[in-house]
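Here's the structure we're looking at; comments come further down.
All of the numbers you see were taken from the coordinates with simple rules; none came from a lab. Just so it is clear, the model here is predicted, and its values are computed rather than measured. We place every Cβ from the backbone using ideal geometry, glycine too, and count neighbours over all the protein chains shown.
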Amino acid sequence: MREIDGEMNLLLFKHPLAGIQLVKGTVEPFDISYESAAKRELTEESGISYVLNTTYLGSWESGYQDQFWHFVLCQVGETLPKTWCFYTQDDGGHEFQFFWHRLGDPIPNDCHKLFCDAIQKVQELIR
């Protein structure tokens, strides 16, 4: 997330096959915490690697395949552009198109319901 003109913005991306998503992933056995998993996933999916601080926001039972999602706020140590593309090696390689979504605005139409619900949960957790 970042603050622009007093308003909070959430980093989202467009997956070429699966629509609008949040940066997310699996906690691997070598991850020592949810925060370390979040930093790793952020780097793998967006290319952002300079994280100054992390804050655990909470968990959410997603209702999808018995998954619990854990939300971690990452404060980065670099100025990020309004939009950018990053080619990730995930799932055989994809180009993800990143952008900032102002919290409270309507969620983009091509966002899967699971991610719409996750965005709503993030909004609840930060208020």
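Of the peptides 110-121, 54-65, the ranking by mean beta-carbon count within 10 Å, highest at the top, reads 110-121, 54-65.
What the phi angles of segment 82-97 give under the Karplus curve with 6.51, -1.76 and 1.60, with θ = phi - 60°, is a coupling list of 5, 9, 6, 10, 9, 8, 9, 8, 4, 6, x, x, 8, 9, 9, 9 Hz, glycine and proline written as x.
Which whole-number percentage describes the relative contact order of segment 20-127, with Cα contacts under 8 Å and a sequence gap of 6 or more? In percent, rounded to a whole number, it is 25.
Per-residue extension of 0.36 nm, minus the Cα-Cα distance of Glu61 and Thr83, leaves a gain of 4.9 nm for this segment. For segment 52-127, the pair-distance distribution built from all alpha carbon pairs, in bins 5 Å wide starting at 0, is 3, 11, 17, 20, 28, 17, 4, 0 percent.
Residues in segment 4-13 carry Karplus couplings, in order, of 10, 6, x, 10, 7, 10, 10, 6, 10, 8 Hz; the curve used is 6.51 cos²θ - 1.76 cosθ + 1.60 with θ = phi - 60°, and Gly or Pro positions show x. Of all DSSP-defined beta bridges confined to the chain, some 95% are antiparallel rather than parallel. Here the residues Trp84, Trp69, ranked from fewest to most Cβ neighbours within 10 Å of their Cβ, fall in the order Trp84, Trp69. For segment 49-127 versus segment 5-19, the inter-centroid distance based on Cα atoms is 7 Å.
What 222 nm value per residue comes from the helices of the chain, counting each DSSP H run with n ≥ 4 as -39,500 (n - 2.57) and dividing by all residues, nearest 500 deg cm²/dmol? The per-residue figure over the chain is -7000 deg cm²/dmol. Kirkwood radius and radius of gyration were both taken over the C-alpha atoms of the chain, and their ratio Rg/Rh is 0.92.
The lysine pair tally for the chain, using Cα distances under 19 Å and a gap of 8 or more places or different chains, is 7.
Annotation: peptides 30-42, 86-98, ranked by per-residue average of other Cβ atoms within 10 Å with the highest first, follow the order 30-42, 86-98.
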